[in-house]
Amino acid sequence: EATKALLSPAERKAAEDKKKGKKPAPVQGKPATGSKLSSWQQQGSKQDWISLTRFLEKEGLMPTVTFSFSKKKCEEIAECLRSLDLNTAAERNLVQSFTIQTVARLSPKDQCLPQVIKTVDMVKRGIGVHHGGLLPILKEMVEILFSRGLVKILFATETFAMGVNMPARSVVFNALRKHDGVQFRE
């Protein structure tokens, strides 16, 4: 059902035709088999991500981990959700007091880093990012808030999956291939 919500009308028709045993017509704008990226990965717009997030919220499928195998893409997608607030006022207060305690452990100079300010702002709204480019204390803060159900949607690279047992109700992958510096791999 969630996958269906992400398909374009032409892709939905092709899926219905396939169910009925009809040979599906080529879907315009969809890459041929073997292409590196699907149209969703190439063109996932801000509205697509907002719609997906609202769908997950409405269906009770949060907390959700969204795996994106690019640090930059994790940041970009989270930025698409800047207008959303997934936490209640009480949850925002809990997050606020926890982030104040966490950030206080940093030096005054580090407390003003753009990465720190941006991460704190996002987690207050129930949105988190977790990747190797974050300061370790911020990764730990996001992990703790996610485990407490205060981060509702987390955009993470595969490093989040390494040895972490988190209470996700659903998982989304925005890609199944990753560039390892030399080539793409599954």
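Structure summary
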{"read-out": "Qualifying residue in the range 113-130 (condition: more than 22 Å from residue 53 (Cβ to Cβ), open to solvent by less than 10 Å² (accessible area, probe 1.4 Å) and modelled with pLDDT of 95 or more)", "value": "yes"}
{"read-out": "Top-ranked residue in the range 157-186 [being of a type in the set (Gly, Ala, Ser) and not in a helix (DSSP H, G or I); ranked as most open to solvent (accessible area, probe 1.4 Å)]", "value": "163"}
{"read-out": "Some residue of the range 62-74 being of a type in the set (D, E, K, R), closer than 20 Å to residue 175 by Cα and either surrounded by 15 or more Cβ atoms within 10 Å (Cβ to Cβ) or modelled with pLDDT under 60 (or both)", "value": "yes"}
{"read-out": "Contacts under 6 angstrom Cβ, first residue in the range 169-186 being farther than 21 Å from residue 147 by Cβ and among the β-branched types (Val, Ile, Thr), partner open to solvent by 70 Å² or more (accessible area, probe 1.4 Å) and in a strand (DSSP E or B), 6 or more apart", "value": "none"}
{"read-out": "Number of the exception - residue 41 against (1) at pLDDT below 85; (2) more than 20 Å from residue 134 (Cα to Cα); (3) not in a helix (DSSP H, G or I)", "value": "(3)"}
{"read-out": "Residue within the range 147-156 that is open to solvent by less than 50 Å² (accessible area, probe 1.4 Å), modelled with pLDDT under 95 and on the phi > 0 side of the Ramachandran plot present", "value": "yes"}
{"read-out": "Counted residues, the range 134-156 - those being part of a loop (DSSP other than H, G, I, E, B) and either in contact with a Leu (Cβ under 7 Å, 6 or more places away or on another chain) or farther than 20 Å from residue 120 by Cβ (or both)", "value": "3"}
{"read-out": "Of the criteria (1) out of contact with any helix residue (DSSP H, G or I) (no Cβ under 7 Å at 6 or more places or on another chain); (2) open to solvent by 60 Å² or more (accessible area, probe 1.4 Å); (3) at pLDDT below 95, which one residue 90 fails", "value": "(3)"}
{"read-out": "Count of residues meeting criterion [of a type outside the set (A, V, I, L, M) and within 21 Å of residue 63 (Cβ to Cβ)] in the range 80-119", "value": "16"}
{"read-out": "Which numbered condition residue 99 fails, given (1) without any contact (Cβ under 8 Å) to a residue 12 or more places away in the chain; (2) in a helix (DSSP H, G or I); (3) not aliphatic (A, V, I, L, M)", "value": "(1)"}
{"read-out": "Residues that are touching a strand residue (DSSP E or B) at 6+ places or on another chain (Cβ under 9 Å) and under 25 Å from residue 52 (Cβ atoms), drawn from the range 172-186", "value": "172, 173, 174, 175, 177, 178, 179, 184, 186"}
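The values are calculated or read from the model by the stated rules, or taken from the named source; none is laboratory data. No experiment lies behind these values; they were computed from the predicted model shown. Every residue, glycine as well, gets a Cβ built from its backbone with ideal geometry; the counts of neighbours run over all protein chains shown. The area values use the complete protein model at the heavy-atom level, side chains included, leaving out ligands, DNA and RNA. Shrake-Rupley method; radii C 1.70, N 1.55, O 1.52, S 1.80 Å.
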